[in-house]
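See below for the structure under consideration.
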Amino acid sequence: MVISLLLAAAVSIPSGFLLYDKAATVKDDDPETSWAVSGRTSAPLVVNPCERPKLGQTGRTAARTIVYTAVPDFSRSEQVILYTSESAARRAVKELRAAVGSCRISGYRYSAGTVKLGDEALTVTGQSYQGRRPAIGGERAVVARRANALVVYTQAGEWGKPAKGDFARQSKDARRMLGKICAIASC
């Protein structure tokens with residue numbers, strides 16, 4: 001156990017490992033688009049109902065986050081987080097599920113579903129509503145865990161009524177990352 005903790009602490013997420021790393025390095029003169037890259041272990045989860053600052057933070061050893069933003073209201077993000085153990089990563093997924101269920105914002109609702117990826121995974125839908133009807137605006141995320149690693153892919157923008165097809169790109173990206181995550185995770 002001590003050896004696995006030491007290995008987890010020594011492992012980092014190298015630059016160039018994430019799927020969006022290459023695109024984030026390309027110079028873009030468009031003032032309405034931008035990329036942000038962070039290696040902060042304390043970075044908030046990119047899908048974070050009610051923006052809870054400590055959500056999924058316990059036991060992290062490394063994190064890398066890439067966010068693409070296009071004005072006025074489109075964004076997509078990729079986040080890979082390594083935890084000290086598989087149980088710490090499981091706890092982060094459990095905390096996220098609980099946050100989805102308990103977050104109440106007037107005019108904006110969260111819901112979660114399941115998807116078959118990694119050791120466990122969920123889809124998270126954030127959606128604007130006018131009364132009972134879906135309005136324009138929301139986010140769609142896929143969060144998957146394999147061993148002690150968590151991978152998160154989101155897309156936000158002018159979504160209409162939630163549909164299963166809203167998660168196609170995020171699921172594809174999560175599947176690709178899960179295929180290579182064991183190079184840095186404790187699989």
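The values are calculated or read from the model by the stated rules, or taken from the named source; none is laboratory data. Remember, predicted model here, so these are calculated numbers, not experimental data. Cβ placement follows ideal geometry from the backbone for every residue including glycine, while neighbour counts extend to all protein chains displayed. Just so you know, the surface numbers come from the protein's heavy atoms only, side chains and all, with ligands and any DNA or RNA stripped out. Shrake-Rupley method; radii C 1.70, N 1.55, O 1.52, S 1.80 Å.
Hey, among the residues in region 162-187 that are over 18 Å from Ala89 (Cα atoms), surrounded by fewer than 14 Cβ atoms within 10 Å (Cβ to Cβ) and of a type in the set (A, V, I, L, M, F, W, C), which one's farthest from the chain's Cα centre (by Cα)? Selected residue: Ala163. Every listed requirement among (1) touching a helix residue (DSSP H, G or I) at 6+ places or on another chain (Cβ under 7 Å); (2) among the aliphatic types (A, V, I, L, M); (3) not in a loop (DSSP other than H, G, I, E, B) is met by Leu19 save one, (3).
Look at region 153-170: where a residue is in contact (Cβ under 8 Å) with a residue 12 or more places away in the chain and farther than 13 Å from Gln127 by Cα and a partner is open to solvent by 30 Å² or more (accessible area, probe 1.4 Å) and part of a helix (DSSP H, G or I), sitting 6+ places away or on another chain with Cβ atoms under 9 Å, you get Tyr153/Arg169; Tyr153/Lys172. Once region 36-47 is narrowed to residues that are open to solvent by 20 Å² or more (accessible area, probe 1.4 Å) and within 13 Å of the chain's Cα centre (by Cα), the residue that is farthest from Leu18 (Cα to Cα) is Pro44. Among residues of region 55-73 that are in contact (Cβ under 8 Å) with a residue 60 or more places away in the chain and more than 22 Å from Pro31 (Cβ to Cβ), those with a Cβ under 7 angstrom from a residue that is surrounded by fewer than 19 Cβ atoms within 10 Å (Cβ to Cβ) and among the acidic types (Asp, Glu), sequence gap 6+ or separate chain, pair up as Gly56/Glu95. Checking Glu78, Glu139 one by one, the residue that is touching a residue at least 12 places away in the same chain (Cβ under 8 Å), charged (D, E, K, R) and touching a helix residue (DSSP H, G or I) at 6+ places or on another chain (Cβ under 9 Å) is Glu78 and no other.
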